[in-house]
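The values are calculated or read from the model by the stated rules, or taken from the named source; none is laboratory data. If you're wondering where the values come from, they're calculated on a predicted model, not measured in any experiment. Virtual Cβ from ideal backbone geometry, glycine too; neighbours counted across all protein chains shown.
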Amino acid sequence: MIKQMPQVKCSVANCAYWTSGNNCTAELIMIEIDKHANAKLDSEFAGETFDTEHQDYAAAIQETCCHTFKPKH
């Protein structure tokens, strides 16, 4: 059985992984809560390594942010 990737929508058009229709093409998505927005998570954005050991809880959508963002060149 082939596992299908979920469709990820993103409105940040200046991200390297953004495509037409507000679609994200990154192979890996890392989402954090805002209090960790500036944290260095030993990550290569949209790469293979992320700190996936910790867990946090968001009370609302507005408390989350995407660490996968990579500016378009």
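Among the candidates F69, F50, which residue alone is at pLDDT 80 or above, part of a loop (DSSP other than H, G, I, E, B) and not β-branched (V, I, T)? Walk me through how you get there before you give the answer.
Details: F50 fails: at pLDDT 80 or above.
Matching residue, one of F69, F50: F69.
Does E27 satisfy the condition of being in contact with an Asp or Glu (Cβ under 9 Å, 6 or more places away or on another chain), modelled with pLDDT of 75 or more and surrounded by fewer than 13 Cβ atoms within 10 Å (Cβ to Cβ)?
On the way: in contact with an Asp or Glu (Cβ under 9 Å, 6 or more places away or on another chain): yes; modelled with pLDDT of 75 or more: yes; surrounded by fewer than 13 Cβ atoms within 10 Å (Cβ to Cβ): yes.
So E27 passes the test.
Pairing each residue of the range 59-73 that is closer than 22 Å to E27 by Cα with any residue that is aromatic (F, W, Y), provided the two are 6+ apart or on different chains, yields C-beta distances under 6 Å for T68/F45; K70/F45. Scanning the range 6-36 for residues that are β-branched (V, I, T) and outside any loop (DSSP other than H, G, I, E, B) yields T19, I31, I33.
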